[in-house]
Amino acid sequence: MNILVCISNVPDTTSKINFIDNDSKFDKNGVQFIINPNDEFGLTKAIWMKDSNNADVTVLTVGDSSADAILRKCLAIGADKAIRIDCEAIDASSVSKEIVEHCNEVKYDLVICGRESIDYNGGLVPGLIAGYLDYNFVTNCVSLNIENGKAKCSREISGGIEVTESDLPLVIGAQKGLVEESDLIIPNMRGIMMARQKPLEVLSAKNIKARAIDKKYFKPQEKAEVKLIKPDELDKLIDLLENEAKVI
Amino acid sequence: MGVLVYAESENNIIKKSALEAVSYGKALAEKIGSRLNCVVINCSEPNILKQYGTDKIFNITNDSLKDFTSRSYSNALQQVIKAENTSILILSSSADSKYLGAHLAGFTDGSFISNVVGIPDNLDPFTVKRSCFTNKGFSSTELTGDIKIISISANSFGLIENNGDGKIEDFHIEDISSTITVSNIEKQSGKVTIADADVVVSAGRGLKGPENWHLVEELAEVLGAATACSKPVSDMGWRPHSEHVGQTGKPVSSNLYIAIGISGAIQHLAGINSSKIKVVINNDPEAPFFKAADYGIVGDAFEVIPQLITKLKNRK
């Protein structure tokens with residue numbers, strides 16, 4: 001079985017969010033980049049499927065050479081092969097189309113993406129890929145079992161869990177639950193050494209036009225100082241929630 | 001050029017998040033100078049949409065749409081979009097609608113934008129504001145493409161009543177074949193869900209153990225709120241994973257978020273940031289959450305919460 005895991009290179013959660021060039025660009029200066037957490041849950045699941053489904057795992061990102069470090073990390077975690085489509089990732093639509101172009105050349109039975117990235121939070125890439133390729137799609141995926149070419153997936157829905165059955169090929173949007181945080185694989189020295197021998201292929205981009213272009217960024221308004229209420233003045237809290245904030 | 005809203009329903013009732021999408025759709029239709037149409041799927045009582053300014057309601061009734069799948073619902077909506085020559089589709093940000101929106105955008109080659117927080121500043125070029133960087137930033141984004149799909153962030157626009165013709169028209173769809181089937185749904189009934197709640201009561205390690213969660217549940221009950229928890233609490237198995245809110249858990253975008261005994265790690269704040277009003281109850285005055293809060297109580301949850309429950313009960 002052939003699995004593609006799409007990886008997004010995102011700023012670590014604790015990063016300071018600043019904008020430069022007249023507020024038209026995210027300031028990468030001093031920012032630590034990591035594998036998007038939702039993608040990492042998916043990658044770990046894919047690595048497990050090497051044993052359970054005899055899978056071959058390729059990781060792919062769309063970006064410039066600054067993303068090579070996280071691809072190497074994915075290889076150290078256990079992916080067999082890495083691909084970088086060489087261009088600046090502008091929007092979900094163009095990124096998805098670049099991935100689709102690759103999927104038309106190399107057939108994958110399963111495409112795993114994170115349910116959303118923690119930087120732009122769009123949650124679009126897995127659905128777009130599925131739509132463009134006319135594949136089945138399950139997002140917010142918390143369990144996946146593939147046997148004899150049939151996939152059984154659980155999706156977290158509002159207030160519960162839904163189980164679906166489908167044929168392959170399939171695209172999933174991974175999240176916590178598919179594997180747990182404690183299952184995430186920390187690369188060991190052997191993995192890191194082996195990663196150096198594994199292929200990291202750089203493909204030229206098709207230069208697909210972006211559809212949604214962020215023209216300007218803003219920061220949220222500065223938050224007013226917290227209003228502290230004494231523990232023995234709870235009536236005051238209720239009054240504020242009722243009459244000032246108007247939320248109860 | 002027309003604005004279409006997919007008004008999601010559950011058990012024949014139009015969801016509140018859908019009414020917000022309709023309110024938004026109405027404002028946008030007015031800005032464009034067009035009429036507002038809505039589409040409902042297997043919902044026999046869509047009349048409420050009229051009160052939010054809907055001119056025409058397309059009513060789809062079809063057995064093959066009994067269970068939601070993004071593929072079959074995309075297919076149905078695609079047929080309406082084609083027949084009505086729709087250029088803008090509005091969705092709520094419910095789990096199903098966001099799921100559907102991305103898949104549909106792929107099928108239609110439309111452009112989809114999520115987490116939208118305002119009506120377009122400009123129609124040509126079409127520019128909307130959305131939140132990003134887990135609410136630590138916003139972007140003004142220019143959208144191109146013949147079909148634009150906009151999913152609006154929960155509680156960002158509110159419900160605005162308006163008059164519409166509300167004419168209901170049956171819409172027949174062509175056969176839908178799906179290669180994905182829903183085999184089982186397990187759903188808690190009678191409990192407010194985190195996604196739909198106006199108020200969320202959440203607690204962390206400060207509550208000391210699962211045996212103390214009756215405090216959270218009682219407070220949630222008097223407020224009609226959903227219950228949630230921090231990551232360590234779900235990791236330790238005190239509460240189910242489905243209650244975990246934060247970056248890797250469920251996102252919260254409620255009007256009121258009450259955090260009890262949660263220190264406010266950055267990953268937690270990332271998931272609850274878009275809630276409007278945050279109340280923090282913590283015995284540690286240095287807890288980082290106070291910096292993100294609107295109202296705070298430095299005190300012992302085991303004393304504060306029971307009193308708060310009694311006072312809220314007496315108020316009613």
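Tabulated data for the structure shown
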quantity: All aspartates and glutamates inside 12 Å of B:Lys136 as judged from Cα atoms, apart from same-chain residues fewer than 8 positions distant; calculated: A:Asp119, A:Glu222
quantity: Computed E for A:Asp27/B:Asp235 - FRET, C-beta separation, R0 41 angstrom, nearest 0.05; calculated: 0.80
quantity: Positive minus negative residues near A:Ile157 (Lys, Arg vs Asp, Glu; Cβ under 10 Å); calculated: -2
quantity: Alpha-carbon Debye profile of segment A:137-248, log10 I(q)/I(0) at 0.18, 0.20 Å⁻¹; calculated: -1.06, -1.07
quantity: B:Tyr52 long-range amide H proximity, modeled H, under 5 Å; calculated: B:Asn162
quantity: Two-site FRET efficiency, B:Asn47 against B:Asp146, from Cβ-Cβ distance with R₀ of 41 Å, rounded to 0.05; calculated: 0.80
quantity: Inter-label distance for B:Gln307 and A:Lys107, nm, one decimal - labels placed 7 Å from Cα along Cα-to-Cβ; calculated: 7.0 nm
quantity: At 1.002 mPa s and 20 °C, Stokes diffusion of chain B via Kirkwood alpha-carbon radius, µm² per second; calculated: 103 µm²/s
quantity: Too-long pairs where the Cα-Cα distance tops 22 Å, listed order kept, from A:Lys176/B:Lys16; A:Lys223/B:Lys231; A:Lys176/B:Lys231; A:Lys50/B:Lys187; A:Lys25/A:Lys198; A:Lys215/B:Lys26; calculated: A:Lys176/B:Lys16; A:Lys223/B:Lys231; A:Lys50/B:Lys187; A:Lys25/A:Lys198; A:Lys215/B:Lys26
quantity: Heavy-atom accessible area ranking, 1.4 Å probe, most first, across B:Asp198, A:Asp91; calculated: B:Asp198, A:Asp91
quantity: Given A:Lys28/A:Lys219; A:Lys246/B:Lys148; A:Lys45/A:Lys219; A:Lys45/B:Lys148, the pairs whose alpha carbons are separated by over 25 Å; calculated: A:Lys246/B:Lys148; A:Lys45/A:Lys219; A:Lys45/B:Lys148
quantity: Size of electric dipole in segment A:86-154: Cβ of Lys, Arg +1 and of Asp, Glu -1, about Cα centre, debye, nearest 20; calculated: 440 debye
quantity: Shielding of A:145-157 by partner chains, average beta-carbon count, 10 Å; calculated: 2
quantity: Area of A:Cys6 that stays accessible when all protein chains are in place (1.4 Å probe, Å², to 10); calculated: 10 Å²
quantity: Relative packing of peptides A:74-87, A:56-69, B:161-174 - highest average C-beta neighbours within 10 Å first; calculated: A:74-87, A:56-69, B:161-174
quantity: Estimated distance in nm for a label pair at B:Gln188 and A:Asp183, the labels positioned 7 Å out from Cα along Cα-to-Cβ; calculated: 2.3 nm
quantity: Kyte-Doolittle mean at least -1.0 and Cα axial length at least 15 Å: DSSP H helices in chain A; calculated: A:37-52, A:92-105
quantity: A:Met189 accessible area, 1.4 Å probe, all protein chains in place, Å² to nearest 10; calculated: 130 Å²
quantity: Area buried, chain B against chain A - accessible surface, total, 1.4 angstrom probe, square angstrom; calculated: 6700 Å²
quantity: For the protein assembly as shown, convex hull of alpha carbons as volume per residue, Å³; calculated: 153 Å³
quantity: Ranked order, B:Trp213, A:Trp48 - accessible area, probe 1.4 Å, largest first; calculated: A:Trp48, B:Trp213
quantity: Span from the segment B:226-256 Cα centroid across to the segment A:117-158 one, whole angstrom; calculated: 22 Å
quantity: Cα-based helix-to-principal-axis angle, B:301-315 vs chain B, degrees rounded to 10; calculated: 60 degrees
quantity: Expected 222 nm ellipticity per residue - DSSP helices of 4 or more, -39500 (n - 2.57), all of chain A, to 500; calculated: -7500 deg cm²/dmol
quantity: Average partner coverage of B:139-151, which counts Cβ from other chains inside 10 Å; calculated: 4
quantity: Relative packing of peptides B:15-27, B:100-112 - highest average C-beta neighbours within 10 Å first; calculated: B:100-112, B:15-27
quantity: Set of aspartates and glutamates with alpha-carbon distance to B:Lys50 below 20 Å, sequence-local pairs under 8 removed; calculated: B:Glu8, B:Glu10, B:Glu20, B:Glu30, B:Glu84, B:Glu161, B:Asp165, B:Glu169, B:Asp170
quantity: Environment charge at B:Ile119 (Cβ cut-off 11 Å; Lys +1, Arg +1, Asp -1, Glu -1); calculated: +1
quantity: Heavy-atom SASA rank of A:Lys209, A:Lys227, A:Lys198 (probe 1.4 Å, accessible area, largest first); calculated: A:Lys209, A:Lys227, A:Lys198
quantity: Dipole magnitude (debye, nearest 20) for segment A:1-147, charges at Cβ of Lys, Arg, Asp, Glu; calculated: 320 debye
quantity: Sequence-distant residues sharing a close amide H with A:Leu170 (under 5 Å, placed H); calculated: A:Leu110, A:Val111
quantity: Sum of -39500 (n - 2.57) over DSSP H runs of 4+, divided by residues of chain B (222 nm, nearest 500); calculated: -8500 deg cm²/dmol
quantity: Cα shape, chain A, gyration tensor, a/c 1.5 rule; calculated: prolate
quantity: Average beta carbon contacts from partner chains per residue of A:207-213, 10 Å cutoff; calculated: 5
quantity: Spatially proximal aspartates and glutamates relative to A:Lys150 (Cα-Cα < 15 Å; intrachain offsets below 8 disregarded); calculated: A:Asp109, A:Glu165, A:Asp167
quantity: Contour minus Cα-Cα distance for A:Met193 and A:Lys215 (0.36 nm per residue); calculated: 3.7 nm
quantity: Local electrostatic count, A:Ile146, Cβ distance below 9 Å [Lys/Arg +1, Asp/Glu -1]; calculated: 0
quantity: Sequence-distant residues sharing a close amide H with A:Val5 (under 5 Å, placed H); calculated: A:Thr58, A:Val59, A:Leu60, A:Ile112
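The values are calculated or read from the model by the stated rules, or taken from the named source; none is laboratory data. A quick note: this is a predicted structure, and the numbers were derived from the prediction, not measured. Please note: Cβ atoms are built from the backbone with ideal geometry, for glycine as well, and neighbour counts cover all protein chains shown. Accessible surface is based on the protein model in full, side chains and every heavy atom, while ligands, DNA and RNA are left aside. Shrake-Rupley method; radii C 1.70, N 1.55, O 1.52, S 1.80 Å.
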